[in-house]
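Asks: The structure that follows is given in the form of structure tokens.
The values are calculated or read from the model by the stated rules, or taken from the named source; none is laboratory data. In this text the structure is predicted, and so the values were computed from the model without any measurement. Using ideal geometry, Cβ is built from the backbone for each residue, glycine included, and neighbour counts are taken over all protein chains shown. Surface areas here come from the heavy atoms of the whole protein model, side chains and all, with no ligands, DNA or RNA. Shrake-Rupley method; radii C 1.70, N 1.55, O 1.52, S 1.80 Å.
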Amino acid sequence: MPRKNRSKNKTKQHKRGPGLISWGIIFVAVFIAAFAISITMRPAEVVEVHKAPERIRVQILNGCGTNGATEEMERAIVSTAPPETIFDVIDRGNAEMFVFDRTLVLDRKGDPRSGGYSGQASIVKNFLGIDADNFLIQKFSENLLNIDVTIIVGADYPTLIGNLKKGKIPVDS
């Protein structure tokens with residue numbers, strides 16, 4: 001009896017890729033591995049960074065001729081300074097002339113990168129509410145005391161001090 005060719009009777013079987021069950025097993029394995037790794041890793045410690053206050057070295061000169069004007073200005077700026085700023089008054093004295101009607105802020109260093117105003121001088125200008133016309137760069141040829149800013153107290157100083165004490169600072173942008 002001749003043998004029948006069984007290959008004709010066999011239905012063709014298609015090769016299948018991983019089935020739904022295989023993908024499910026892979027997903028669960030990856031999930032478990034990720035969970036195990038997350039448990040073993042410690043979270044990084046949270047470190048609070050406190051920025052040191054800005055220290056501004058200030059010279060205050062009496063430019064209006066009123067006795068005690070520099071001392072009053074010093075007390076006002078030191079007592080009302082915001083917590084992020086320290087005004088370090090390192091020199092007080094008289095200006096060469098007593099002709100200043102308005103208080104003047106002189107930037108004694110400037111910004112070496114931009115050539116404009118330094119950040120310290122801008123802080124003082126905004127803190128006192130000095131307008132742009134009374135804000136100048138005037139570098140020292142020799143800055144032996146390392147002064148950042150000079151404030152020449154003008155006849156308007158009582159108004160400035162009153163604004164500082166009331167917290168009313170008109171900022172000129």
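Asks: In nm, to one decimal, how far is the modelled label at residue 84 from the one at residue 166, with both set 7 Å along Cα→Cβ?
Replies: Using points 7 Å along Cα→Cβ, the separation is 2.5 nm.
Asks: Continuing with the same structure: What is the magnitude of the charge dipole of segment 61-173 about its Cα centre, with +1 placed on the Cβ of each Lys and Arg, -1 on the Cβ of each Asp and Glu, and no other charges, expressed in debye to the nearest 20?
Replies: That gives segment 61-173 a dipole magnitude of about 220 debye.
Asks: Related question: Cβ under 14 Å from residue 55's Cβ, residue 55 left aside: what net charge do those residues give with Lys, Arg +1 and Asp, Glu -1?
Replies: Counting the neighbours of residue 55, the net charge comes to -1.
Asks: Another one. Residues of segment 49-173: accessible area per residue at 1.4 Å, in Å²?
Replies: Result: 57 Å² of accessible area for each residue.
Asks: Once the dipole of segment 76-173 is set up with Lys and Arg at +1 and Asp and Glu at -1 on Cβ about the Cα centre, which of 94, 162, 123 lies farthest towards its positive end?
Replies: The Cα lying farthest towards the positive end belongs to 162.
Asks: Grab segment 101-173 and count how many Lys pairs have their alpha-carbon atoms under 29 Å apart, sequence gap of 8 or more, or different chains.
Replies: Count of close lysine pairs: 8.
Asks: Another question, if that's okay. Ordered by packing density, taken as the mean number of other Cβ atoms within 10 Å over each peptide's residues, highest first, how do 22-32, 102-112, 73-83 rank?
Replies: 102-112, 73-83, 22-32
Asks: Compare the peptides 135-148, 85-98, 154-167 by average per-residue count of other Cβ atoms within 10 angstrom and give them in order, highest first.
Replies: Order by mean packing, descending: 154-167, 85-98, 135-148.
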